[in-house]
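Enquirer: Sharing a structure below in structure tokens format, with a few things to ask.
Values in this text are rule-based calculations from the coordinates and carry no lab data. On a predicted model such as this, the values are computed, not experimentally measured, just so you know. Glycine gets a Cβ as well: all are built from the backbone with ideal geometry, and neighbour counts include every protein chain shown.
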Amino acid sequence: MNAIIGHPTPGLDENERDLKAAGFRSFDIDTVQEYGTTERILKTYGFIFGRQAIEHLRKTRRTSIRWRFRVYTLDKPS
């Protein structure tokens with residue numbers, strides 16, 4: 001996990017094991033959110049993640065953020 005945003009969710013590995021044991025499978029989805037300008041991205045991520053995120057975004061002049069989502073589905077028997 002990027003130190004600018006924060007720390008990994010505690011207990012995630014244990015939750016993952018429990019979900020898989022219960023018959024769930026997972027897959028990841030990558031997405032990119034484009035904001036067009038540094039100022040527009042700061043309005044969202046600076047507010048949510050605070051001073052470190054603001055400083056990082058200003059320094060790097062980023063206008064987009066990449067996210068990875070993990071989705072869990074339960075395979076139903078046929």
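Enquirer: Mind checking which lysines have their Cα closer than 17 Å to the Cα of Lys76? Skip sequence neighbours fewer than 8 apart in that chain.
Expert: Here the lysines satisfying the reach criterion relative to Lys76 are Lys20.
Enquirer: Let me ask another. Net charge within 13 Å of Arg61 by Cβ-Cβ distance, Lys/Arg positive one each and Asp/Glu negative one each, not counting Arg61 itself? Before the final figure, lay out each step's value.
Expert: On the way: positive: Arg40, Arg58, Lys59, Arg62; negative: Glu39, Glu55.
Around Arg61, the charge tally is +2.
Enquirer: Using 1/(1 + (r/R0)^6) with R0 = 25 angstrom and r between the beta carbons of Arg51 and Ile29, what's the FRET efficiency to the nearest 0.05?
Expert: Details: r = 30 Å, r/R0 = 1.18.
Calculated value: 0.25.
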